[in-house]
Structures are given as structure tokens and as C-alpha cells.
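First comes the structure, then the notes that go with it.
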């Protein structure tokens, strides 16, 4: 049997929990190291499976990678091996962003088509289309995307049809070492993008417009390694906030940035949760039963798609009917059947989920289909009557360090069986 969590529900969570660096920032900041030979240090790096996988990707390109506690050291060679192998890329979609740095540094890249969470169609056309405008050519060879560029990439204006985080990152990576100026129109504005730009600027990149929809990159001849501390993980913070709320608990989350969770915290307040915010912390006191709310996922500063499953678990015990609209990923609702096994009353149609709140959930065996759905099912188990077993815990390990231990420190009863 694969690793699973055994959760005994019914205990309100109380206490303080700290969060670590953002998964969605650190993976890309590890890739950014490829742009400059030498020794880089990243601080506040979580001990999660996706970081281990990205370490293997970097090692395959020729880097020497070592994690000591929450510090990560990456020594990048002058000559890189410009490929990301299929066995690694298949496990983690984030590895597609090695395209930009490898083309910029090596003039070529071989990257297997990505895997990671199966959330439906997430085409990479925006990545390749932007890079083609900068002078790269691509062909598909035996399941691998092979890219080449003659000489250096050339700066240009790239208008993204959607503010894609991954495409924005690849355009940044390509632009910092390109000839001339690259303008990214309709760029993603996520805090993780702003943090990546801060890291690149520390390496000597010339970038303006971080946090806005138009980012201008003036290419330079070379970058140099630096030290960078990863921003806190807003999704980890949000997950523990919802865990506190669903159990009618009182939880303080430290090491976080409440301003990065504005829409998510506002929706929690609309359900009747009381939230205090401070510099680097937030405190949430959950209601006995939440009030129903409607929400739709959108790019930042909208409601984050990666907080949607946790919120659906929470709203499954609300008084009234909630509607959640998923605007980003067409297969995000695959976990709903597992929640229904616990007694949730949820109907999905196209990108909408109609959640009729029930008074209580009952524990049973469930399977985690992806990172956030796994966390959501565990959160539901904290509120459910009896025992909930969450299988396929390796998904949760991809995004959360010490998930069971952190919940237990708040008074939960969670056992992990490997």
C-alpha cells in the first residue's frame, strides 16, 4: 500500500503554525540559477518532493546541487547539458521553464513534454510561440521538444493571450540574456513572479514593471550568481487557514504575507471566519458552520486556483448553497467524487461546482488526485466524524513539508503510514 494519512476528525485546531518558501517560486528560482555560472544560494527552501525533483533536473544539466536544512546551494558549470529527461519532466510540469535558460545559455534545449498534476489541457504554445518570436525554432522528436537558436535570442514584444505564469517566466529567462529589449504584454502579476524578478535583478538583470501587466527586459551579456531568500508560500498559509476555519478552530499562521492572500481571506471572512492580519502573520477563528459563498478562480490578484479545492471542502459543510467557478483548469474537479464519498453534496457541470452544504461529513478511505486536492481531502477529514484515510500522499509531499506534523502541532490527530 502506498503512503497514506489516517485522520481522526472532530478536534478544533488551535495554536501557531509556520510556513516555508513558496513552491511556485522556488522551483523557478532554482531554474533561474542556470542563467549564471557559479555558486548560488537560495534560502527558505521547503523540504518537498518537487524541490527534490528539480534538484535532479539541475543535476542532469551538470549542476552540483546540495540542500542543507532550508538552504539550497546550486553550483552551475560554464558548460551545461541542455536537456531535461522524460522521467523527471513527466513527474513535474514546472520543468518546462528550463526551455528559456537553456536556449539563452546554450543555444539549444531538449525538454520532454511535461507532466505533473493532471489538471487538464495546459498547452505550452504560449511558451514556444514567444520563444519563436525571439528567434528559436522547435520540433517534436520522439516526445521531446527540441529547440534551437542561431546566435543569441533577440528581444521583441510578446503579447500573451492569457497572463500565464509559466510563459511569463520563460519569456523573462529568455529576455535577460537576449539582444535588445523584450516587452512582455499581459504578463502574470503573481507574487512569485515579482520574487523571481527580484532574484534576477540581484543577478544583474535589467527588468522593469514587476507586478504589472507590462514587463520590460533589457538584455545583458552575462549574469552573475547571488543569494536570494524565497518568499513565503501563500498556498501553504491559505491551506492552514482553511484547516483552522473548517474545524471551528483558532489558528495563527506565521512566516506568511497576508497581502498575498487578499481575495482568499476576504472570501473566508464572508463565510463568517474572523481574521486578524499583521506583518508576517495572520490569525483565523472559524465559525461553527460557515455561511455559503460564491467564488471564481482568476489570475492574481483574483482567487487562486490552487486554493479552490480546500475552499470547496470547507464550503461542503456550509449553511446554504455555494457556487465555485473554475476558470483556469478544466480537470480541476476530479477530487469531487472523493468528497462525495465523505457525504458532501456537490454537483459539477462544465467549469462550475454547486455545493449544497451538509451538517456533517463522515470519514472514509479517499485518494488524493493532486497536491491541493490531497490537502483538501485531509482538511475535510479534520472536520469529518470518524476516521478518514487519504491515500496517494506523495501528491501532498510535492507541496507541503511535514504536513501531518504541522497539523498535529495544532492539535489534530493525523498518523502517517509509509
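Tell me which residues, restricted to region 269-300, are in contact (Cβ under 8 Å) with a residue 24 or more places away in the chain, out of contact with any strand residue (DSSP E or B) (no Cβ under 7 Å at 6 or more places or on another chain) and surrounded by fewer than 15 Cβ atoms within 10 Å (Cβ to Cβ). The one that is in contact (Cβ under 8 Å) with a residue 24 or more places away in the chain, out of contact with any strand residue (DSSP E or B) (no Cβ under 7 Å at 6 or more places or on another chain) and surrounded by fewer than 15 Cβ atoms within 10 Å (Cβ to Cβ): 288.
Of the strands (runs of 3 or more DSSP E) lying entirely inside region 331-393, those containing at least 3 residues that are at pLDDT 95 or above and either outside the structural domain of residue 298 (by TED's automatic domain parsing) or closer than 23 Å to residue 410 by Cα (or both) span 387-391. The listed residues are 45, 57, 51, and the only one of them that is more than 30 Å from residue 411 (Cβ to Cβ) and assigned by TED's automatic domain parsing to the domain that holds residue 134 turns out to be 57. Residues that are surrounded by fewer than 20 Cβ atoms within 10 Å (Cβ to Cβ) and touching a strand residue (DSSP E or B) at 6+ places or on another chain (Cβ under 7 Å) within region 371-403 comprise 385, 386, 387, 389, 391, 392, listed in sequence order. Would you point out the residue of region 1-14, among those that are over 9 Å from residue 413 (Cβ atoms) and under 25 Å from the mean Cα position of the chain (by Cα), that is surrounded by the fewest Cβ atoms within 10 Å (Cβ to Cβ)? If we take residues in region 1-14 being over 9 Å from residue 413 (Cβ atoms) and under 25 Å from the mean Cα position of the chain (by Cα), then 2 is surrounded by the fewest Cβ atoms within 10 Å (Cβ to Cβ). For region 34-66, a tally of residues being touching a strand residue (DSSP E or B) at 6+ places or on another chain (Cβ under 9 Å) and in a loop (DSSP other than H, G, I, E, B) returns 9.
Among the residues of region 96-117, write down those that are closer than 14 Å to residue 128 by Cα and under 17 Å from the mean Cα position of the chain (by Cα). Within region 96-117, 96, 97, 98, 114 meet the criteria. Restricting to region 215-226, and then to whatever is without any contact (Cβ under 8 Å) to a residue 60 or more places away in the chain and part of a loop (DSSP other than H, G, I, E, B), can you tell me which residue is surrounded by the most Cβ atoms within 10 Å (Cβ to Cβ)? Going through the qualifying residues, I end up with 220. Region 67-142 holds strands (runs of 3 or more DSSP E) entirely within its bounds, and those carrying 3 or more residues that are at pLDDT 90 or above and crowded, with 22+ Cβ neighbours inside 10 Å map to 71-76. Are any of the residues in region 353-366 within 18 Å of residue 304 (Cα to Cα) and in contact (Cβ under 8 Å) with a residue 12 or more places away in the chain? Yes: region 353-366 contains one or more residues that are within 18 Å of residue 304 (Cα to Cα) and in contact (Cβ under 8 Å) with a residue 12 or more places away in the chain.
The values are calculated or read from the model by the stated rules, or taken from the named source; none is laboratory data. It should be emphasised that the depicted structure is a prediction, and the values quoted were computed from it without experimental measurement. Neighbour counts run over all protein chains shown; Cβ positions are idealised from the backbone, glycine included.
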